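**Student:** Please see the structure below; I have some questions.
The values are calculated or read from the model by the stated rules, or taken from the named source; none is laboratory data. Values in this document were obtained by computation on a predicted structure and should not be read as measured data. Using ideal geometry, Cβ is built from the backbone for each residue, glycine included, and neighbour counts are taken over all protein chains shown. Calculation scope for accessible area: heavy atoms of the full protein, side chains included, ligands and nucleic acids excluded. Shrake-Rupley method; radii C 1.70, N 1.55, O 1.52, S 1.80 Å.
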Amino acid sequence: MFKKVLIANRGEIAVRIIRACKEMGIKTVAIFSDIDRKALHVRLADEAYPVGPAPAPQSYLNMDKIIEVAKGSKAEAVHPGYGFLAENYEFVKRVESAGLIFIGPPAEAVKLLGDKVAARKTMKNSGVPIVPGTEVEIKSEDQALSTAEEIGLPILIKAVGGGGGKGMRIVKEKAELKSALRAASSEAESAFADPRIYIEKYLQKPRHVEIQILADKFGNVIHLGERECSIQRRHQKVIEESPSPVVDEKMRKAMGEAAITAAKASSYVNAGTIEFLVDSDRNFYFLESNTRLQVEHPVTEMVTGIDIAKEQIRIAGGMKLNHRQEEIEWRGSAIECRIYAEDPENSFLPSTGVVHSYWEPSGPGIRVDSGLYEGVEVSLYYDPLIAKLLAWGKDRDEAIQRMKRALSEYHISGVATTIPFHLRMMKNPNFQRGEIHTHFIEEEFEREKPSEAKEKDELLQAMAVFSALLDYREKTKSKPVLFSSKNKSKENVWKIAGRKMGLRRLMM
Ligand code: MV4
């Protein structure tokens, strides 16, 4: 097994991976940007090295620097976590050619599954059900039109290089097709430097259910069951759980087998996720795959007892899977609430500041994965996910009750968080009944017309970013601010500015 691993990430996931390494007797190397010098992952690692300024392109995305630190510190392997370089084909190649081991799938699998059309083709050829649509890119309006006629409206135009909802356009009428094609392609070009698009039948209010798989270097592949991830807001997952309220034993077996087929068809190795859309008749269709350790992996850990982060490291080290499919047992129910530094009372505006008091819940069935402690600064440079709160119970009702209890114990001051939103969610009767789908939040909590809400959201997000950057500049000019109290006055400034610009309707 490895003696030393570099973790090319920050925040809660870097902490999670360091913990796995420690339990395996592996030394850890952290990297940090200028503003993360005092971060928890830096404090917990055996060694830590600076990799550049706060903006991610200059630090956590700086491949040359990260590989240089890995070589210099004599780490043998690199764990990318999620986000940043985790699904970057180029990075995997560079890690490998530097003589290091990438803790994740082979470069070729990252490339194949990153191309959504190639992935669809591979799945179709191996018998994994896919959403009706094209397995080739769309090159003309005529081709799009004939596809639309064949599969029927509504259709969804998607980006070949995409994922996560960018470069997508729903087309409900033929007349919208032309402009939607253009819009999707140009959005795809700017988001992924790849203008290619394809078409799928648009499923109304589907569920999003994914299967966790583990594959070793000897061709053994197992699945660890499903995670229900339908509760999301603007393509950002908010709550995940396992088991899914709609999946029974028979369906789990069928989806698990489809996921294993998908993994084998793409020569997959390491931990991975196969995402499916599930329609109201419980038919499931391959959507895309994630070639990384996912944010929501702990819900699977809680119901299976398998440490996915450790398994990843073992697999990368050339060991065989620790478990056979027949040995996998699922016990009880686990729920994860993603705690974001966002203000649910204010269109989920990103919130920044210093966490000046912090109490974490614990007790029966509770797990917290976070990078937080009193005094840590939450900035706008990185993902607003600051903690994950998980609850396990003997059944879904007990998990919900425990989650409610833990949410009410959780105290974070200095930044606004989504904790109050989660409390409302746990008390929502439709959520309690498991009647959830991908449009649940907008239907239950956001009464505005979706287009208007989106417009307002984007405006407020842009203002918050700008305002926090000003704030940050202010702070770095003088001595560090320990107790941020600027938020209130800042908000008023923007409200006044908004009115002046005639944006009152949007702001209120
Ligand atoms: C879909 C879909 C319905 N039909 N594909 C969202 C993120 C990306 N990974 C794929 N996504 C979806 N793909 C088909 N064929 C619904 C979603 C979807 C969604 C789409 C539009 C607006 C909001 C959405 C929220 C969740 C999922």
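**Student:** I need the calculated FRET efficiency for the pair N125 and S357, taking r as the beta carbon distance and R₀ as 56 Å, to the nearest 0.05. Intermediate results must be reported in sequence, preceding the final value.
**Tutor:** Numbers: r = 56 Å, r/R0 = 1.00.
Computed FRET efficiency for N125 and S357: 0.50.
**Student:** For P350, what is the net charge nearby, where nearby means another residue's Cβ is under 9 Å from its Cβ and Lys, Arg count +1, Asp, Glu -1? Could you put the intermediate results ahead of the total?
**Tutor:** Details: positive: none; negative: E342, D343.
Net charge in that neighbourhood comes out at -2.
**Student:** Please list the non-local residues whose amide H lies under 5 Å from the amide H of A54, H modeled 1.01 Å from N, same-chain partners needing a gap of 5 or more.
**Tutor:** D34, I35
**Student:** Let me ask another. In Å, what is the Rg of the alpha-carbon atoms in the stretch 71-221, and how long is Dmax?
**Tutor:** Reported Rg and Dmax, both Å: 18.2, 60.
**Student:** Continuing with this model, one more query. Scan around S59 for amide H atoms under 5 Å from its own, H built in the peptide plane at 1.01 Å from N, and keep only partners 5 or more places away or cross-chain.
**Tutor:** Those qualifying (amide H under 5 Å, at least 5 residues apart or on another chain) number zero.
**Student:** Which one, H323, P106, V209, projects farthest toward the positive side of the charge dipole computed for the chain from Cβ point charges (K/R +1, D/E -1)?
**Tutor:** Sorting the options by dipole projection puts first P106.
**Student:** From the backbone phi of the stretch 214-221, what are the Karplus-calculated ³J(HN,Hα) couplings (6.51 cos²θ - 1.76 cosθ + 1.60, θ = phi - 60°) in whole Hz, Gly and Pro given as x?
**Tutor:** For the stretch 214-221, the Karplus curve yields 10, 9, 9, 7, 10, x, 7, 10 Hz.
**Student:** With the cut-off at 32 Å, tell me which of the pairs K22/K394; K93/K124; K111/K253; K121/K388; K71/K124; K22/K158 have Cα atoms farther apart than that.
**Tutor:** Working: K22/K394 29 Å; K93/K124 28 Å; K111/K253 28 Å; K121/K388 35 Å; K71/K124 41 Å; K22/K158 41 Å.
Over 32 Å apart, Cα to Cα: K121/K388; K71/K124; K22/K158.
**Student:** Can you compute the charge dipole magnitude of the stretch 4-103 about its Cα centre, using +1 on each Lys and Arg Cβ and -1 on each Asp and Glu Cβ, nothing else charged? Give it in debye, rounded to the nearest 20. Provide the component values of the computation, followed by the final result.
**Tutor:** On the way: 14 positive and 12 negative charges, 56 e Å.
The dipole of the stretch 4-103 has a size of about 260 debye.
**Student:** Kindly state, to the nearest 0.05, the FRET efficiency for K22 paired with K205, given R0 = 30 Å and r defined as their beta-carbon distance. Walk me through the intermediate numbers first.
**Tutor:** Values: r = 43 Å, r/R0 = 1.44.
FRET efficiency, K22 to K205: 0.10.
**Student:** With +1 assigned to the C-beta of every Lys and Arg and -1 to the C-beta of every Asp and Glu, and no other charges, what is the dipole magnitude of the chain about the Cα centre in debye, to the nearest 20? Could the numbers behind the result be given before it?
**Tutor:** Numbers: 75 positive and 72 negative charges, 224 e Å.
Approximately 1080 debye in magnitude.
**Student:** Then there's this: Could you tell me what percent of the accessible area of the stretch 138-205 is made up of carbon and sulfur, with a 1.4 Å probe and every protein chain present? If you can, show how the numbers build up before the last one.
**Tutor:** Working: 1690 of 3510 Å².
After summing per-atom areas, the C and S share lands at 48 percent.
**Student:** Go through the stretch 104-115 residue by residue and turn each phi into a ³J(HN,Hα) via Karplus (6.51, -1.76, 1.60, θ = phi - 60°); whole Hz please, and just put x for glycine and proline.
**Tutor:** Ordered by residue, 3J(HN,Hα) equals x, x, x, 3, 5, 5, 4, 5, 4, 6, x, 9 Hz.
**Student:** Pick out, from I35, Q312, N220, the residue whose Cα sits farthest towards the positive end of the charge dipole of the chain, with +1 on the Cβ of Lys and Arg and -1 on the Cβ of Asp and Glu.
**Tutor:** Among I35, Q312, N220, the one farthest towards the positive end of the dipole of the chain is I35.
**Student:** Over the stretch 207-446, what percent of the accessible surface lies on carbon and sulfur atoms, probe 1.4 Å?
**Tutor:** On the way: 4020 of 8610 Å².
Percent of accessible area from carbon and sulfur atoms in the stretch 207-446: 47.
**Student:** Provide the three semi-axes, in whole Å and in decreasing order, of the ellipsoid equivalent to the chain as defined by the square roots of 5 times the Cα gyration tensor eigenvalues. Before the final figure, lay out the partial values.
**Tutor:** Numbers: eigenvalues 204, 186, 121 Å².
Each semi-axis is the square root of five times an eigenvalue, giving 32, 31, 25 Å.
**Student:** Counting alpha carbon pairs within less than 8 Å and at least 6 residues apart, what relative contact order, in whole percent, applies to the stretch 207-446? Mind dumping the intermediate values first?
**Tutor:** Details: 488 pairs, mean separation 49.8, N = 240.
Result for the stretch 207-446 is 21 percent.
**Student:** Got a number for carbon plus sulfur as a percent of the stretch 4-103's accessible area, 1.4 Å probe?
**Tutor:** With neighbouring chains kept in place, the figure for the stretch 4-103 is 50 percent.
**Student:** At 0.692 mPa s and 37 °C, plugging the Kirkwood radius over alpha-carbon pairs of the stretch 207-446 into Stokes-Einstein gives what diffusion coefficient in µm²/s?
**Tutor:** Values: Rh = 18.5 Å.
Once the numbers are plugged in, D ends up at 177 µm²/s.
**Student:** Can you list the residues of the stretch 215-259 with backbone N under 14 Å from a point 7 Å past the Cα of R324, pointing along Cα to Cβ?
**Tutor:** Residues 220-222 qualify, since their backbone N sits under 14 Å from the label point.
**Student:** May I pose another question? For the stretch 63-185, with every protein chain kept in place, what is the accessible area per residue (1.4 Å probe, Å²)?
**Tutor:** Details: 5510 Å² over 123 residues.
About 45 Å² of surface per residue is accessible.
**Student:** Could you pull out every residue, at least 5 positions away or on a different chain, whose amide H is within less than 5 Å of the one on G162? Hs are placed 1.01 Å off N in the peptide plane, and Pro or chain starts have none.
**Tutor:** K116
**Student:** Could you tell me which of S146, M425, S351 has its Cα farthest along the dipole of the chain towards the positive end, charges placed at Cβ (Lys, Arg +1; Asp, Glu -1), taken about the Cα centre?
**Tutor:** S351
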